[in-house]
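No lab work stands behind these numbers, since they all come straight from the coordinates. Just so it is clear, the model here is predicted, and its values are computed rather than measured. All Cβ positions, glycine included, derive from the backbone under ideal geometry; neighbour counts span all protein chains shown.
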Amino acid sequence: MQTVCHLSSLVYEQAEKYGKKVCFTYQKWGSSVWEQLTWKEVAETVKTLSNSMLNIGIEVQENVGIFSQNSVEYIFTDLAAWGIRAVTVPFYATSSEEQIRFMIEDAQIRYVFVGEQEQYDKTLAVMPLCNTLQKIIVYDRRVKINPQLAMYLDDFLKLGKNSPKQEELDELIRLASYDDLSNILYTSGTTGDSKGVILTHGQFAAAMKANDAVLEFDEKKDRIMSFLPITHIFERGWMYLSLTEGCEVIVNTNPKLIQQSMREQHPTCMAAVPRFWEKVYIGVINKIENSSPMQQKLMRDALKVGKEHNVDYVLKGKRPPVLLHLKYKFYEKTLFSLVKKQIGLENANYFPTAGSFVSDQVAEFIHSLGIFMMVGYGLTESFATVSCMRRRDPITIGSVGRLVPGLQVKFGENDEVLLKGPTITKGYYKREALNAETFTEDGFFRTGDSGYMKDGELYLKERLKELFKTSNGKYIAPQMIESKLLVDKYIEQISIIADDRKFVSALIVPAFEMLRKYADDNYIPYMTNEDLCRNEKIADMIYERLDTLQQGLASYERVKKFVLLPEPFSMEKGELTSTLKIKRRALLKNYKEQIDRMYE
């Protein structure tokens, strides 16, 4: 049951209600052992941390930086700062020195809390360049620090031992306002400079209320895996919603170990991006292709039954025929339960998915298995959820669901989605000129996404800024094409090229593990990734697979030529944002020679 209160007092009210109930399951830094913290223990730590913050003079609505991967200490810092009415400014754990320097200076940050050695080293490197930065507080005790400029969180907590500032803390919580800023979230900037999105406690409260009306949590059974970066609004909103509902949160610190964490902890719910499910799809399909003919036939029949039962009937609010239902129940208890057990999702409940286009093929597959992949749409500026699929309403694969309560939507020029409501940001931090451009005269926020409504469901077409126009005058939606092609097991990354070009081409980073196996099975000689990328037989195989995947596209939307790249797109080369979204301008610059060659 949701606790509706200001976030400054959330942890204390939940501790009163749940006491010794588990709040967090987590791993200490560098450990593989899972440990647990009760609500009472969490509240005590947060209270001590708030006292420590007051002891060093952090002021009301002062901006405090957090530069870390997911951890319980990260969440403690959020909660403790909100308790003293401070504002947290999260940085992505993979942010560059240039990015964190900009954010520290823009938000005038004096204190930054960091996770591991990498984040400490980057913060230390920019410290002489940032006039405001005074101290670095480090979560991981293994980090080598300069004690003149940094201290460990363990030692920082000693400043708040025995609650020397408790009266002041109690008064600040009493005075907490829904107009207070809670966060400044800097966007990762795919099309321009990073900008800080202002989020208030009022937006938090409105978002929690709206999502509670949509979701049905079971505080006794639901165990929520926190996997995406808490810095991202999707995970941030989802995780704090879970805490307001009194659910146990499993904190996954190392994203590379998420599949192992799922198998060990068996979460019932988890927010994910489409690429996560694409990899699940690729993995299962690959196992089917490598099984015996009889097993292949059985699994394909199971998926056919699952699609008919779940997608054609259940999602549309219809009762499946008795014979179909019995067949599905048989496969659910045998094949589907085995697949779900292998990925740690045998207790699956809700799995919100957003962040980019979801392939219909992948969505149908996941629903066929009996996993409720809850596709939605949102932005940092809307405090995550704008719309999402709901179990109690008819669902159409391809939509992004129905609007959450409290939001108004209308469509502007080029079908741009325009939003107004209590979850929408008041604007960008210290960017008055941009704020004037971002809102319509009647107060609607311009999302930059084009879309339409049909039968109460929202459908997205494309990011307006990312629509490509070929030299023949045809408009191309690159994300839609990329989502269709990323389901191929031989493709790890892809970027569509089309703007001002006479046809569509692509930069493709292959899934090299799968590609090497293909080369070995087909006696194709190679020594390096470059050899694989240059091989004509490999290129022919990829082209044939692309041809199959593109059958539903118009001829002018189809990839006519491509280049296979021996190295992945990376943040180090400026090709990806902190949330792993493609920076197309950087790719056009870095691979100009290869792109030009395709159009010779």
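The figures follow:
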| item | result |
| --- | --- |
| Radius of gyration and maximum dimension Dmax of the range 141-182, Cα, Å | 15.2, 40 |
| Percent of Cα pairs exceeding the 28 Å cut-off, where the set is the range 22-171 | 15 percent |
| With eigenvalues of the C-alpha gyration tensor scaled by 5 and rooted, the range 323-386, Å | 28, 12, 10 |
| In order through the range 485-495: 3J(HN,Hα) via Karplus (6.51 cos²θ - 1.76 cosθ + 1.60), integer Hz, x for Gly, Pro | 8, 6, 7, 6, 5, 8, 10, 9, 9, 8, 9 |
| Ellipsoid equivalent to the range 475-600 - semi-axes via the Cα gyration tensor, in Å | 22, 18, 14 |
| Value at 222 nm in deg cm²/dmol, rounded to 500, when DSSP H runs of n ≥ 4 in the chain each add -39,500 (n - 2.57) | -11000 deg cm²/dmol |
| Ratio Rg/Rh, restricted to the range 116-261 and using Cα atoms, in which Rh is the Kirkwood radius | 0.99 |
| Angstrom value of the Kirkwood radius, inverse mean 1/r, which spans all Cα pairs in the range 163-225 | 15.2 Å |
| Bridge type composition, the range 439-572 - antiparallel percent by DSSP, nearest 5 | 75 percent |
| Angstrom value of the Kirkwood radius, inverse mean 1/r, which spans all Cα pairs in the range 438-504 | 14.1 Å |
| Pairwise label distance in nanometres, Lys40 with Arg174, each label 7 Å out on the Cα-Cβ vector | 2.7 nm |
| Overall dimensions of the range 99-176 by Cα: Rg and Dmax, Å | 14.5, 39 |
| For the range 509-582, average projected area of the Cα convex hull in nm² | 6.3 nm² |
| Cα-derived Rg to Rh of the range 222-281, Kirkwood definition | 0.94 |
| Computed log₁₀ I(q)/I(0) - Debye formula, equal Cα scatterers, no solvent, the range 295-451, q 0.08, 0.15, 0.21 Å⁻¹ | -0.33, -0.83, -1.30 |
| Of all DSSP beta bridges in the chain, antiparallel share, percent nearest 5 | 55 percent |
| Viscosity 0.692 mPa s, 37 °C: Kirkwood-radius Stokes-Einstein D of the range 387-448 over Cα pairs, µm²/s | 248 µm²/s |
| Stretchable slack from Ser292 to Leu149, in nm (0.36 nm times residue separation minus alpha-carbon distance) | 45.3 nm |
| 19 Å Cα-Cα threshold exceeded, pairs from Lys21/Lys221; Lys28/Lys221; Lys279/Lys489; Lys28/Lys144; Lys17/Lys47 | Lys28/Lys221 |
| D (Stokes-Einstein, µm²/s), Kirkwood Cα radius, the range 542-591, 0.890 mPa s at 25 °C | 191 µm²/s |
| Along principal axes, Cα extents of the chain, largest first, whole Å | 70, 59, 54 |
| Per residue convex hull volume, Cα atoms of the range 1-95, in Å³ | 114 Å³ |
| Volume of the Cα convex hull of the range 79-126, divided per residue and given in Å³ | 76 Å³ |
| Residues whose placed amide H lies under 5 Å from that of Thr38, excluding near-sequence neighbours | Cys23 |
| Entries in Lys220/Lys297; Lys40/Lys135; Lys474/Lys517; Lys341/Lys560 that, when Cα-Cα distance is taken, lie over 32 Å | Lys220/Lys297; Lys474/Lys517; Lys341/Lys560 |
| Rh by Kirkwood over Cα pairs, then Stokes-Einstein D for the range 246-360 at 1.306 mPa s and 10 °C, µm²/s | 100 µm²/s |
